[in-house]
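Engineer: Starting off with a structure, shown below.
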Amino acid sequence: VQLVESGGGVVQVGDSLRLSCASSGRSIGRSTVGWFRQAPGKEREFVASINWVGASRYYAESVKGRFTISRDSAKGTTSLEMNDLKAEDTAIYFCAADLRRGSGNTWYAQYWGQGSQVTVSS
């Protein structure tokens, strides 16, 4: 499975941005997909996930109410709509597939994209 993100860039605080992820290779139509991010000097963290039918979505507390994850399982794509962006949202955002939820609120993924930089400036 290959995942390629697009849509990152530099925006101002309060702006919106949409990230997209396209998959190729083995179909991920029936796998849970999601987004993670890694800020400078910090560990990678879970942002959002969506199951294959789109019925279950999970979000990190820090993005609830501002970010929306969606997918088109038939096309093998997923998107992350980010609104009311804050400076602390600055990070490299990674698309991921075949997610599993571990103990607590820990998420693991088998496939990763190369990442897309999102910079929110104040």
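Engineer: What is the antiparallel percent of DSSP beta bridges lying wholly in the chain, to the nearest 5? Don't skip to the end; give the middle numbers.
Structural biologist: Numbers: 39 of 43 bridges.
Percentage antiparallel, nearest 5: 90.
Engineer: Would you mind calculating the relative contact order of the stretch 50-115 from Cα pairs under 8 angstrom and at least 6 residues apart, reporting the percent as a whole number? Don't skip to the end; give the middle numbers.
Structural biologist: Values: 66 pairs, mean separation 13.3, N = 66.
Relative contact order here is 20 percent.
Engineer: Give the relative contact order (percent, whole number) for the chain; include only Cα pairs under 8 Å separated by 6+ residues. The partial results should precede the final answer.
Structural biologist: Values: 305 pairs, mean separation 42.4, N = 122.
For the chain, the relative contact order is 35 percent.
Engineer: Which listed residue (35, 102, 68) has the Cα farthest towards the positive end of the charge dipole for the stretch 35-122, taking +1 on Lys and Arg C-beta and -1 on Asp and Glu C-beta about the Cα centre?
Structural biologist: Positive-end residue among those listed: 102.
Engineer: Additional query: Measuring from a point 7 Å past the Cα of residue 114 along Cα-to-C-beta, which residues in the stretch 65-93 have an amide N at less than 17 Å?
Structural biologist: Residues 92-93 qualify, since their backbone N sits under 17 Å from the label point.
Engineer: A follow-up question, please. For the stretch 13-110, state which trypsin sites (Lys or Arg not before Pro) are in a DSSP loop and have at most 14 other beta carbons lying within 10 Å of their beta carbon.
Structural biologist: Working: sites: 18, 26, 30, 37, 42, 44, 57, 64, 66, 71, 75, 86, 100, 101; in loops: 26, 30, 42, 44, 64, 66, 75, 86.
Taking the stretch 13-110 and a limit of 14 other Cβ atoms within 10 Å, the loop trypsin sites (Lys or Arg not before Pro) found are 26, 30, 42, 64, 75, 86.
Engineer: When the distances between all Cα atoms of the chain are binned every 10 Å from zero, what whole-number percent does each bin get?
Structural biologist: Answer for the chain: a P(r) of 14, 50, 31, 5, 0 percent.
Engineer: Across the stretch 1-69, how large is the tail of the calculated P(r) beyond 17 Å, expressed as a percent of all Cα pairs?
Structural biologist: On the way: 1234 of 2346 pairs.
Pairs farther apart than 17 Å: 53 percent.
Engineer: Hey, another quick one. Rounded to the nearest percent, how much of the accessible area of the chain (1.4 Å probe, protein heavy atoms only) is carbon and sulfur?
Structural biologist: Numbers: 3000 of 6300 Å².
After summing per-atom areas, the C and S share lands at 48 percent.
Engineer: Averaged per residue, what accessible surface does the stretch 4-122 expose to a 1.4 Å probe, in Å²?
Structural biologist: Details: 6150 Å² over 119 residues.
Heavy-atom SASA per residue in the stretch 4-122 reads 52 Å².
Engineer: DSSP loop GluC sites (Glu not before Pro) in the stretch 1-109 with at most 10 other Cβ atoms within 10 Å of their Cβ, which ones? Intermediate results must be reported in sequence, preceding the final value.
Structural biologist: On the way: sites: 5, 43, 45, 61, 81, 88; in loops: 43, 61.
Loop-located and lightly packed - 43, 61.
The values are calculated or read from the model by the stated rules, or taken from the named source; none is laboratory data. For clarity, every value in this text was computed on a predicted model and none was experimentally measured. We place every Cβ from the backbone using ideal geometry, glycine too, and count neighbours over all the protein chains shown. Just so you know, the surface numbers come from the protein's heavy atoms only, side chains and all, with ligands and any DNA or RNA stripped out. Shrake-Rupley method; radii C 1.70, N 1.55, O 1.52, S 1.80 Å.
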